[in-house]
Every structure is written in C-alpha cells, then in structure tokens.
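To keep things clear, I will list the structure first and then write my remarks on it.
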Amino acid sequence: MSWSDSLQSEQARQVSALLDRATEFDGKAPVSEQGRHAIAGRGQARHFAVRDDSDVVGYAQLQAGSGEHPDMAELVVDPARRRQGIGTTLAAAVFDEGRLGTTVWAHGNVDAAKAFAQSLGLVVARELLQLRRSLDAPQLPEIFVPEGIVVRTYGGREDDSEILRVNSAAFSWHPEQGGWTQAEIDERTAEEWFDPAG
C-alpha cells in the first residue's frame, strides 16, 4: 500500500465500483464530484488503495491545498468490510501524507462516519448545506431586472473568463471553489448533466 499520483484504468474501475457500492449502501456518495474527476484522471489528487487480494476494499484520496487552504481528504471502506480496521489504516495514511491541518470530508452525515470521525478525535469544522426549491409550485414571483442588467443563459466559452473572474472574487476564501480555472469549467460543461440553456 502506497500513495500514487494517478490510477491505472483497472484501479480506477475498481475504485469507482467501490464508490458505487458505498453510495448504494449509505444513500450518499462518499467522494465529491471533483474527487470522481480525479479518479478518472481529470484532476489533481493522490490516491491510496487498500486491497484484499486483487479487490480494492478501501480508498483514500488527498487533494493538495494551496496557500492557507489545508489539504483535503476523502475516504471510503467497502460496506462489507467495515469495522475491520481498514478505515483506521486509511486515516493513518491520510494524516501521515497530508500537511498539518488536513481536513477530511464526510458526505451525508452518515452515523457510522460520524462515529468513526469521533473515534479519531475529529470535529466538525465546516458544514455544506444544499438548498433546493421545486420549480413546479408555488409560482415564483416575477423577477425585477434593473435597467442595464441582462439575464440570459450560458453563452459558451466567451462567458468563461467573466465567470472565472466573478467566481474567484466571490470564493477567494473557499478551499475548493476559489481556485477554479478553465479546466474546471471545461470538466463541468462536458458532463452529461450540463445544459447550457438550463
């Protein structure tokens, strides 16, 4: 077991299958969208896999922070192999490899993950909330658009430099969102869920 800067195609397939099993079991994805991109080779991260024979039963990912932003880790253990020390092995690897202050993301507020984090002495430092509103009913109020402001859908690459400028200004303090480049926009606009008219 050692850290690597990339995953070979078979390793990436096995890690993705592990993430799918954990997602189905927990009802939440254990790794973020940017983490999935890194597994597929479309992002910067270090990878650590725990194997049982040829099967990946545990996985940790470490994304380097920048400046004052700490390194960020995500980890997952196969649901069928939990409570066997694999998570502890992954956490030890993360804290040995990461810089002081490395943060660990726990997705979905799953009871087992909370108990595991508590056993490691970790505390909640940040919480991500997703706010949603149905577009069906009740009807949204009419939008007032001030004179001189144009509201329209995404216009393609010609919009990207301004999107990046505004994003950087709005999220300069944010460890994941603040450092976006053209590569992050290109990754998202290439996703099957992306709709430029949406």
Legend entry - Sole exception among (1) open to solvent by 40 Å² or more (accessible area, probe 1.4 Å); (2) in contact with a Ser or Thr (Cβ under 6 Å, 6 or more places away or on another chain); (3) of a type outside the set (Val, Ile, Thr) for MET72, by number: (1)
Legend entry - Which listed residue, of GLY65, GLY35, GLY43, is closer than 22 Å to GLU10 by Cβ, touching an Asp or Glu at 6+ places or on another chain (Cβ under 6 Å) and small (Gly, Ala, Ser): GLY35
Inset, instruction - Would you please name the residue that is most open to solvent (accessible area, probe 1.4 Å), looking only at residues in the stretch 75-89 that are closer than 17 Å to SER16 by Cα and among the hydrophobic types (A, V, I, L, M, F, W, C)? - result: ALA80
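Per-residue answers, yes or no, for (1) closer than 23 Å to ASP186 by Cα; (2) out of contact with any His (no Cβ under 9 Å at 6 or more places or on another chain); (3) surrounded by fewer than 17 Cβ atoms within 10 Å (Cβ to Cβ):
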position: ASP5; (1), (2), (3): yes, no, yes
position: VAL15; (1), (2), (3): no, no, no
position: GLU33; (1), (2), (3): yes, yes, yes
position: PHE48; (1), (2), (3): no, yes, no
position: ASP53; (1), (2), (3): no, yes, yes
position: GLN61; (1), (2), (3): yes, no, no
position: GLY65; (1), (2), (3): yes, yes, no
position: GLU68; (1), (2), (3): no, yes, yes
Inset, instruction - List every residue pair whose Cβ atoms sit under 6 Å apart, with the two residues 6 or more apart in sequence or on different chains, where the first one lies in the stretch 109-133 and is more than 18 Å from ASP26 (Cβ to Cβ) and the second, anywhere, is open to solvent by less than 60 Å² (accessible area, probe 1.4 Å) and of a type outside the set (Phe, Trp, Tyr). - result: LEU120/ALA91
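The values are calculated or read from the model by the stated rules, or taken from the named source; none is laboratory data. Computed from a predicted structure; not experimentally measured. Glycine gets a Cβ as well: all are built from the backbone with ideal geometry, and neighbour counts include every protein chain shown. Surface areas here come from the heavy atoms of the whole protein model, side chains and all, with no ligands, DNA or RNA. Shrake-Rupley method; radii C 1.70, N 1.55, O 1.52, S 1.80 Å.
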